[in-house]
Every structure is written in structure tokens, then in C-alpha cells.
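> Sharing a structure here in C-alpha cells format.
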Amino acid sequence: MAVEAPARGEARMPRRGGLRHRLAERGVDRVLLLLAPAVLVVALLFLYPMMYGMGLSLQPKDGGGPFGNYAAFFRDSYQRGTIGKTLRLALPAALINVGASVPIAYRLRGRFRGRRPLTALLVLPVTLGTVLVADGLLRYLGPKGWFNRVLLDLGVVDEPVRLVYNYWGVLFSLLITGFPFAFLLVLAYMSGIDPTLERAAATLGAGPWQRMRRIVLPLLAPGLATTFVLAFVLAFSVFPSANLVGEPAGETRVMAIAAYQAAFEKYDYSMASTIAVLMGVFELLVIAVTLLLRGRLYTGPASGGKGS
């Protein structure tokens, strides 16, 4: 009895099934279509503005070639100085927020009475906003604020201590508004460290500082690097506090203020885009250095902090 040859459609079905199976093994299936809306949003709200801004920065208002704005920015010492002023605010603010978060999160990761109210109190500045924090700083640390009144009444100083309308006012604002984010991130990473590792080290005679240095900090390193990067990016884009409690024409004239002035005072949107692009470049440089240092100091899994 002769065997009939399979139809063309039937012959192709195993091939399609085999390809689909191989793609599924690599994690490629129809479920990925659910990412399409998110990809579209990222493209419209991030990629397109970024590419448009980069293209606009290459079209100088006063001519000079595609890179005329970049050359003009670095030739002008007043504009060039905003780079150092911004880094001088962002780097210390990020380091202090991350450094202060570690011991506090280490203590609060356990369960004890009053843990939740204390945690809520530490993250309360998130709800205040930059403007309200600036207003509080002016009322408390201003020339006629409570802090200076107490110092003058006690005879500690002869004239008010200048803590606002300068570098320190902006730094205090960045610390107050940035600490809750750093603290919550560090607390999340710290809570992921298996406490049995420290107990095992304690049974072997390791003291508190040794356990912190040999166990907690190495496992926490990836989380600290990520937290520092996010805290730095948040502080690097400082704008409201630099105007409200700083000296926007002097030592706190950061890159964001320079971009705003170029766009809305000089109506030079090309130069404003140039400054915005440079802000992104310097942020990426700091992020790259941070990740490089993390790779050199920590060679474990990228997730870290899980006790594995």
C-alpha cells in the first residue's frame, strides 16, 4: 500500500513549532509583546527628547560649526565653572546621604518596638517637597532664624552665622530631601542580608566591627554603589534649592541654572540643550567610575546582599 506524502502545510508545522520552541527556551515568546507599551512610552518620553536635544545642541545660534556651542561653553569661564560647582554639591550630598544611611539602616533592619514610627519619621521629608524644606531652612537657619537667635542670646557669636543663601544652604537642602531615598534603598539591601551569616561569624569570635567589615559591607557593596548613583543623579540636577537657599549668581550657580538662563532669559535653546547634554555626560562619567570601582572592590554576584 502506498504511503501518501504529507501536505505542504503539515510539513512546515514542525519547523514553526521547532523555531517557537527554540525561541521560548531563550525567553522570547508572545509575553514579550506586553512590553511594547512600556517601550513606546520610553521612546516617546525619553529617547525622542534626548535625541532632539542632542540634535539641537549641534545647531549653534551664533554659528561656529556643529560643536560651536560646546567650544563656547568651555571657553567661557563663567559657564565652565558651573561644572565644578555642581559636582561640589552633588558628590558630597550623595556620599553623606549614603554614609549616614548605612549605620541607621543596620540598626533598623531588626524588629523592635517603635521601629515603624522611627522609619516613618526618617522618610517624612519626602512628603515635604523642596520648596517647603527651603522655607523651613530659611526660618530656622536664616539670619533671624531660631538657630541664630539662640547663639546670639547665649553670646556664642556676635553676629548671625550665615548658613543660607550660600553653599551650605543648598547642601543642607540636598541632605534633607535626598536622605530618605538613600535610606530606604540601603534599608532594603540591608534587610536582604541573611542574619545567620553574622551569627555564625560571632560564634567564631568575630566582633561587631569585624562582622560589619568582613560580612555586611562586602555584601552591601552593590547596593551602596546603586544607591550612590541614584543619590548623585538626584543631587546633580539641583535647581529649586540652588535658587531659594543658595546664591544663584555666585557659588551655587549650577549647570541647571545655566541651562535655564540660556533657554528662558537669553532664548538660546541650542546652548540650553548643549548644557543639558553636558550634564548627562558628566553624570554618565561619575556613574561609570562608580560601577568600575564596584567591579574592582566586589567580585560577587551583581545582586549581592542576599547572603548567597
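> Residue check, residue 92 against (1) of a type outside the set (D, E, K, R); (2) closer than 18 Å to residue 236 by Cβ; (3) touching a Lys or Arg at 6+ places or on another chain (Cβ under 9 Å), all met but one. Which one?
(3)
> Report, ordered by the first and then the second residue, all pairs with beta carbons closer than 6 Å, sequence separation of six or more or different chains, a first member in the stretch 120-140 that is at pLDDT 90 or above, and a second member that is exposed (fewer than 12 other Cβ atoms within 10 Å of the Cβ).
Correct list of pairs: 140/146.
> What number of residues within the stretch 181-222 are over 25 Å from residue 121 (Cα atoms), among the hydroxyl-bearing types (Ser, Thr, Tyr) and in contact (Cβ under 8 Å) with a residue 24 or more places away in the chain?
The total comes to 1.
> Taking the stated definitions as given, is residue 282 open to solvent by 30 Å² or more (accessible area, probe 1.4 Å), within 22 Å of residue 85 (Cα to Cα), at pLDDT 95 or above and assigned to a helix (DSSP H, G or I)?
In short, yes.
> Pairs only if they're at least six apart or on different chains, beta carbon under 6 angstrom, first in the stretch 71-92 and without any contact (Cβ under 8 Å) to a residue 60 or more places away in the chain, second charged (D, E, K, R) and surrounded by fewer than 16 Cβ atoms within 10 Å (Cβ to Cβ); list them, first residue then second.
Filtered contacts from the stretch 71-92: 74/80.
> Inspect all residues belonging to the stretch 31-41 and state whether any of them is modelled with pLDDT of 90 or more, open to solvent by less than 70 Å² (accessible area, probe 1.4 Å) and within 24 Å of the chain's Cα centre (by Cα).
No.
> Additional query: Go through 229, 186, 238 for me and flag whichever is closer than 23 Å to residue 91 by Cβ, open to solvent by less than 40 Å² (accessible area, probe 1.4 Å) and not in a helix (DSSP H, G or I).
238
The values are calculated or read from the model by the stated rules, or taken from the named source; none is laboratory data. Everything quoted here is computed from the prediction, not taken from an experiment. Positions of Cβ are generated from backbone atoms using ideal geometry, with glycine treated the same way; all protein chains shown enter the neighbour counts. Please note that ligands, DNA and RNA were not included when accessible areas were found on the heavy atoms of the full protein model with its side chains. Shrake-Rupley method; radii C 1.70, N 1.55, O 1.52, S 1.80 Å.
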